[in-house]
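Values quoted throughout were computed directly from the atomic coordinates according to the rules given, and no laboratory measurement underlies them. Computed from a predicted structure; not experimentally measured. Cβ sites come from the backbone with ideal geometry, for glycine too, and all protein chains shown count toward neighbours.
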Ligand SMILES: C[S@@+](CC[C@H](N)C(=O)[O-])C[C@H]1O[C@@H](n2cnc3c(N)ncnc32)[C@H](O)[C@@H]1O
């Protein structure tokens, strides 16, 4: 079993991450830090690109990153994949690719393991980590990210802005309590902040009297990204521009971007994102 089908953008996302990881290892090569690579939604090791009738199989991000050895590799690799079957496949693929004893794969919820990562990094300031969080949907909790505040972490994150959050925000504001709770858990903000940013409510009076008219912003995806990146800037000093992932109808699906406390990290991230955003146009 592999991950669900990905589009061409899946390859680009992995390419951006791989290039960033290489640059990271070059920069860290002459510094005396202990480096962890952490992937919280690691997959099975392989991804099918295309559709049932016409697809190719590529290496997932985990295989790509463990394959980087020049000028150095990470000291520890830690992969989290909730699905037991995928976890076993990934473990096997990584054993072949990097038969060393510094690669760990666990079948757990990423939100739980991020807590352990944060404590581990907090114990010693020489520990730094490159963290990749690549969920399909809104299964990452804000409280898990918040724990990374003040740590030597560069984070690459896939935000399901269009396929997750925006889909829950119904045009007529008829949003169930469960969905509001999910949105609040993901963004780490109160629903009022989301509501006032995305919706306009006005009272219109006609012949039959006053009625409330609700208008959803046509820029909802941009506004959601703004809410999330602003929130991330309460944890990290800087956030990069996003690599914009759209579907074949040009509808926004995801934002992929980097957060860090290091200006050079964000410069490299912005360069990578700009190159790949430009390639699409
Ligand atoms: C988009 S895929 C990851 C693809 C992977 N980055 C790659 O390059 O191959 C997301 C994965 O996260 C796993 N997953 C979903 N919820 C999770 C959670 N709460 N904790 C850990 N893994 C989870 C899914 O089983 C799925 O394999």
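If each of residue 181 and residue 211 carries a label point 7 Å out from its Cα toward its Cβ, how far apart are those two points in nm?
3.3 nm
Please give the FRET efficiency for residue 122 paired with residue 197, using the beta carbon to beta carbon distance and R0 = 25 Å, rounded to the nearest 0.05.
FRET efficiency, residue 122 to residue 197: 0.15.
Where does helix 8-28 land angle-wise versus the long Cα axis of the chain, in degrees 0 to 90, nearest 10?
50 degrees
Taking R0 as 22 Å, what FRET efficiency do you get between residue 204 and residue 174 from their Cβ-Cβ distance, rounded to the nearest 0.05?
Computed FRET efficiency for residue 204 and residue 174 comes out at 0.75.
Taking every DSSP beta bridge that has both residues in the chain, what percent is antiparallel when rounded to the nearest 5? Mind showing how you got there, number by number?
Numbers: 24 of 45 bridges.
If we restrict to bridges inside the chain, about 55 percent are antiparallel.
Given R₀ = 35 Å, FRET efficiency for residue 72-residue 279 by Cβ-Cβ distance, to 0.05?
Here the calculated transfer efficiency is 0.75.
Once both axes come from the Cα atoms, what is the angle between helix 263-280 and the longest principal axis of the chain, in degrees from 0 to 90, rounded to 10?
Approximately 70 degrees, to the nearest ten.
Subtract the Cα-Cα distance of residue 246 and residue 5 from 0.36 nm times their separation in residues, and report this length gain in nm to one decimal.
Separation in residues times 0.36 nm, less the Cα-Cα distance, equals 85.3 nm.
Sorted by packing (mean other beta-carbon atoms within 10 Å per residue), highest first, where do 36-42, 75-81, 5-11 land?
Ranked from most to least packed, the peptides come out as 36-42, 75-81, 5-11.
Within 10 Å, count the other beta carbons around each residue, average over each peptide in 165-174, 225-234, and list them highest first.
So the peptides 165-174, 225-234, ranked by packing, come out 225-234, 165-174.
Would you mind putting 208-218, 178-188 in packing order, based on average other-beta-carbon counts within 10 Å, highest first?
The densest-packed peptide leads the list: 178-188, 208-218.
Multiply the residue gap between residue 107 and residue 141 by 0.36 nm, knock off their C-alpha separation, and tell me the result in nm, one decimal place.
On the way: separation 34, 0.36 × 34 = 12.24 nm, distance 1.76 nm.
Full extension of this stretch gives 10.5 nm more.
How far is helix 84-97 tilted off the main Cα axis of the chain, in degrees rounded to 10, range 0 to 90?
For helix 84-97, the angle is close to 40 degrees.
Rounded to the nearest 500, what is the chain's calculated 222 nm mean residue ellipticity when only DSSP H runs of at least 4 contribute -39500 (n - 2.57) each, over all residues?
On the way: 9 runs with 109 residues, N = 281.
Rounded to the nearest 500, it is -12000 deg cm²/dmol.
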